[in-house]
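A short write-up of the structure that comes next.
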Amino acid sequence: MDDSSKSDKKMPETPAKEVKDEKLDDSQNKMESTSDEKSNDKTDDAQKESEAKKEILLDESEKEEIKEEIGPDEKPKKDEKPTEKKEPQKKDDVEDDFRYIVRIANTDINGAKTIVYGLTSIKGIGMHMSFLIADAAGIDRNLKIGDLSEAQIEKLKVAINDINKNAPSWMLNTQKDYETGDDIHLISSDIDMRLRDGINIMKKIRSYRGIRHERGLPVRGQRTRANNRRGLTLGVSKKGVQSKKENK
């Protein structure tokens with residue numbers, strides 16, 4: 001009886017050792033797996049660092065090549081390849097597109113105006129006459145003068161010189177000229193010259209209008225008692241009015 005009881009007590013010792021051995025094996029396996037993972041992570045980090053260094057070296061080499069092609073002063077932009085240099089446009093090409101001032105008949109005309117309104121800035125040419133000139137030159141009335149070519153401007157000049165031929169007599173501003181007796185149309189400075197010559201002729205022949213021009217008085221019958229008073233003007237004195245009333 002004693003031997004059997006001792007044997008029964010010693011039997012459960014063997015499985016406890018096996019459990020301990022299994023736990024030790026598991027812990028060792030875990031340690032080995034973690035060490036393997038760490039080593040793998042280190043290798044991955046090393047590979048990433050090497051790749052980053054290669055990219056940096058490549059970027060530096062590309063930048064040096066770009067600098068050699070472009071030049072030391074210019075800075076290339078990121079993620080852009082060097083492009084070919086474009087030739088700048090010449091100033092003459094830009095200016096020929098539009099003219100801000102056009103000179104016709106000794107008058108500077110604003111290029112932003114249309115032909116109809118631009119020609120009216122010439123002395124002696126109104127709206128009706130500008131319509132006639134544009135139609136005679138064969139140019140659209142609504143075009144801007146700054147956009148016209150030299151050939152079209154020459155056509156306008158020719159049409160202005162030929163106003164006497166193209167326009168009817170009632171549109172001309174000088175009818176029955178003193179010297180020639182013809183109906184003509186004067187523009188720009190010719191108007192002032194002809195006006196001055198006409199006044200001098202009236203003064204020479206001592207006409208009523210010429211005398212009025214000499215004296216600086218109104219020529220066309222205006223009154224001078226209330227208006228156009230020059231020099232010292234004397235008002236009415238109260239003493240003079242009272243003395244006249246007493247005498248009466």
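Across segment 104-115, the number of residues qualifying as over 20 Å from residue 189 (Cα atoms) and either surrounded by fewer than 18 Cβ atoms within 10 Å (Cβ to Cβ) or acidic (Asp, Glu) (or both) comes to 4.
Restricting attention to segment 120-137, the residues that are touching a residue at least 40 places away in the same chain (Cβ under 8 Å) and touching a strand residue (DSSP E or B) at 6+ places or on another chain (Cβ under 8 Å) total 2.
To keep it simple, each residue is scored yes or no on (1) of a type in the set (Lys, Arg); (2) within 37 Å of the chain's Cα centre (by Cα).
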residue: 123; (1), (2): yes, yes
residue: 128; (1), (2): no, yes
residue: 170; (1), (2): no, no
residue: 176; (1), (2): yes, no
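Would you say residue 151 is assigned by TED's automatic domain parsing to the domain that holds residue 105, in contact with a helix residue (DSSP H, G or I) (Cβ under 8 Å, 6 or more places away or on another chain) and aliphatic (A, V, I, L, M)? It is false that residue 151 is assigned by TED's automatic domain parsing to the domain that holds residue 105, in contact with a helix residue (DSSP H, G or I) (Cβ under 8 Å, 6 or more places away or on another chain) and aliphatic (A, V, I, L, M). Inside segment 172-191, residues that are surrounded by fewer than 12 Cβ atoms within 10 Å (Cβ to Cβ) and of a type outside the set (Ser, Thr, Tyr) make up a count of 3.
A single entry from 142, 164 fulfils the requirement of being assigned by TED's automatic domain parsing to the domain that holds residue 99 and over 25 Å from residue 112 (Cβ atoms): 164.
Could you check how many residues of segment 182-208 are under 54 Å from the mean Cα position of the chain (by Cα) and in a helix (DSSP H, G or I)? Walk me through it before giving the result.
Narrowing segment 182-208 to residues under 54 Å from the mean Cα position of the chain (by Cα): 182-202.
Cutting the leftovers down to in a helix (DSSP H, G or I) gives us 189-202.
Of the residues in segment 182-208, 14 are under 54 Å from the mean Cα position of the chain (by Cα) and in a helix (DSSP H, G or I).
Of everything in segment 148-165 that is exposed (fewer than 14 other Cβ atoms within 10 Å of the Cβ) and more than 21 Å from residue 184 (Cβ to Cβ), the residue that is nearest to the chain's Cα centre (by Cα) is 149. Would a scan of segment 134-142 turn up a residue that is touching a Leu at 6+ places or on another chain (Cβ under 9 Å) and of a type in the set (Val, Ile, Thr)? Yes, that holds for at least one residue.
The values are calculated or read from the model by the stated rules, or taken from the named source; none is laboratory data. Treat the numbers as computed from the prediction; the structure is a model and nothing was measured. Note that we place each Cβ from the backbone using ideal geometry, even for glycine, and neighbour counts take in every protein chain shown.
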